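Inspection log for the structure reproduced underneath, given as structure tokens.
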Amino acid sequence: MKHNGILKNSIIIAAHPDDELLWFGGILRDVDQIVLVYEDFWPQPDVGQARNAVLQDYPRDNVISLKIPEAATNGCADWDNPRIGDFGIELGFEATLRDLKQQVKRVIGKSDAPAEGIETSYKKNYNLIYDRLKTILTPDMNVFTHNPWGEYGHEDHLQVYRVVEHLRKEMGFKQWMSNYCSERALPLAMTYFHNEEVKYFQVPVDKRFSNTVADVYHKHGCWTWAKDWKWFPFELYTEAPFAQSDETGQPHLLPLNMFRLGE
């Protein structure tokens with residue numbers, strides 16, 4: 001499947017600053033616009049300002065932030081038995097445990113966590129993202145965003161995917177996903193196996209430009225990923241599925257860029 005015309009009127013919707021080059025390095029320089037969803041992160045009060053500085057120093061134009069604060073959900077879902085919810089993925093006991101710890105810290109004045117709690121913040125963010133993206137997206141767009149298992153299994157990535165999916169059903173634009181996956185996300189990715197042939201297009205990762213952008217994140221001290229991360233040679237993109245699979249037979253998925261999450 002060739003990608004002629006697919007990058008026309010195109011946009012990347014990425015959850016956190018640096019997701020846009022980790023998971024979309026093959027199209028990072030070529031899309032018309034990049035939207036980064038989250039900015040402030042209460043466990044690290046300085047990170048929002050650093051991310052904003054990256055935007056001012058970004059080596060291409062048309063990169064904006066929705067400036068939505070993260071709910072600090074990473075690791076809060078049960079990834080061995082993942083359950084899709086109305087606001088992304090269902091959070092589990094870990095979210096409750098973190099809230100209890102922050103309540104104790106709040107009593108002694110040592111917590112910057114929102115008093116409403118992680119799960120409430122997560123649900124609130126869904127509606128914020130929906131409202132802000134609805135003013136940006138149009139029916140004729142090609143929208144590139146996270147895949148429905150959140151690459152390595154990140155609750156925020158799932159939330160962004162589900163919001164875009166919600167808007168796709170309302171607006172009719174084309175929603176595209178890439179092929180990254182880790183061992184944590186594989187159980188959820190396997191629920192999207194289908195019997196029909198998966199049509200995708202392949203692009204080489206622009207390693208030079210990706211490294212240029214990564215250097216800006218390192219410069220401002222807000223690179224969130226492994227220091228020794230090596231870019232994959234290629235990325236594959238396919239239209240996002242409209243539902244999880246309930247088929248029998250020999251279902252399959254597109255070839256995956258598999259990696260181990262590690263620490």
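Test HIS146 against the stated conditions and say whether it is within 21 Å of ALA243 (Cβ to Cβ), out of contact with any Leu (no Cβ under 9 Å at 6 or more places or on another chain) and buried (at least 18 other Cβ atoms within 10 Å of the Cβ).
When the stated conditions are applied, HIS146 does not pass them.
Which numbered condition trips up GLY150, out of (1) modelled with pLDDT of 95 or more; (2) not in a loop (DSSP other than H, G, I, E, B)?
With respect to (1) modelled with pLDDT of 95 or more; (2) not in a loop (DSSP other than H, G, I, E, B), GLY150 is out only on (2).
Since PRO69 meets every condition but one in (1) over 25 Å from GLN49 (Cβ atoms); (2) without any contact (Cβ under 8 Å) to a residue 60 or more places away in the chain; (3) not small (Gly, Ala, Ser), which condition does it not meet?
It is condition (1) that PRO69 fails.
Residues are listed down the side, and each one gets a yes or a no for (1) without any contact (Cβ under 8 Å) to a residue 60 or more places away in the chain; (2) hydrophobic (A, V, I, L, M, F, W, C); (3) under 28 Å from LYS8 (Cβ atoms); (4) in contact with a Cys (Cβ under 6 Å, 6 or more places away or on another chain):
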| residue | (1), (2), (3), (4) |
| --- | --- |
| ASP131 | yes, no, yes, no |
| THR135 | yes, no, yes, no |
| ASN142 | no, no, yes, no |
| MET171 | yes, yes, yes, no |
| TYR180 | no, no, yes, no |
| ALA189 | no, yes, no, yes |
| PHE209 | no, yes, yes, no |
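If you scan the stretch 80-102, which residues turn out to be touching a helix residue (DSSP H, G or I) at 6+ places or on another chain (Cβ under 7 Å) and farther than 22 Å from LYS124 by Cβ?
Selection gives ASP80 alone.
Given (1) aliphatic (A, V, I, L, M); (2) at pLDDT below 95; (3) open to solvent by 70 Å² or more (accessible area, probe 1.4 Å), where does MET258 come up short, assuming only one miss?
Every condition holds for MET258 apart from (2).
If you check LEU36 against the conditions, is it at pLDDT 95 or above and under 25 Å from PRO255 (Cβ atoms)?
no
Select, from LYS110, LYS105, LYS124, the only residue that is out of contact with any helix residue (DSSP H, G or I) (no Cβ under 8 Å at 6 or more places or on another chain), part of a helix (DSSP H, G or I), at pLDDT below 90 and charged (D, E, K, R).
One residue alone meets the criteria, LYS105.
State all residues of the stretch 174-208 that are of a type outside the set (Lys, Arg) and in contact with a Leu (Cβ under 6 Å, 6 or more places away or on another chain); if no residue qualifies, say none.
ASN179, CYS181, SER182, PHE193, VAL198, TYR200, GLN202, listed by residue number.
List the strands (runs of 3 or more DSSP E) inside the stretch 1-96, counting only whole elements, that have at least 1 residues being open to solvent by 40 Å² or more (accessible area, probe 1.4 Å).
33-38, 63-68
On the phi > 0 side of the Ramachandran plot and within 21 Å of the chain's Cα centre (by Cα), is that true of GLY117?
no
Among the residues of the stretch 108-128, which ones are surrounded by 15 or more Cβ atoms within 10 Å (Cβ to Cβ), under 20 Å from CYS76 (Cα atoms) and not charged (D, E, K, R)?
Passing the criteria: SER111, ALA113, PRO114, GLY117, ILE118, SER121, TYR122, ASN125, TYR126.
Which is modelled with pLDDT of 95 or more, within 17 Å of the chain's Cα centre (by Cα) and aliphatic (A, V, I, L, M), of ALA185, ALA240, ALA226?
Answer to the check: ALA185.
The values are calculated or read from the model by the stated rules, or taken from the named source; none is laboratory data. Values in this document were obtained by computation on a predicted structure and should not be read as measured data. Quick reminder, even Gly has a Cβ in these numbers, built from the backbone with ideal geometry, and neighbours come from all protein chains shown. Accessible surface is based on the protein model in full, side chains and every heavy atom, while ligands, DNA and RNA are left aside. Shrake-Rupley method; radii C 1.70, N 1.55, O 1.52, S 1.80 Å.
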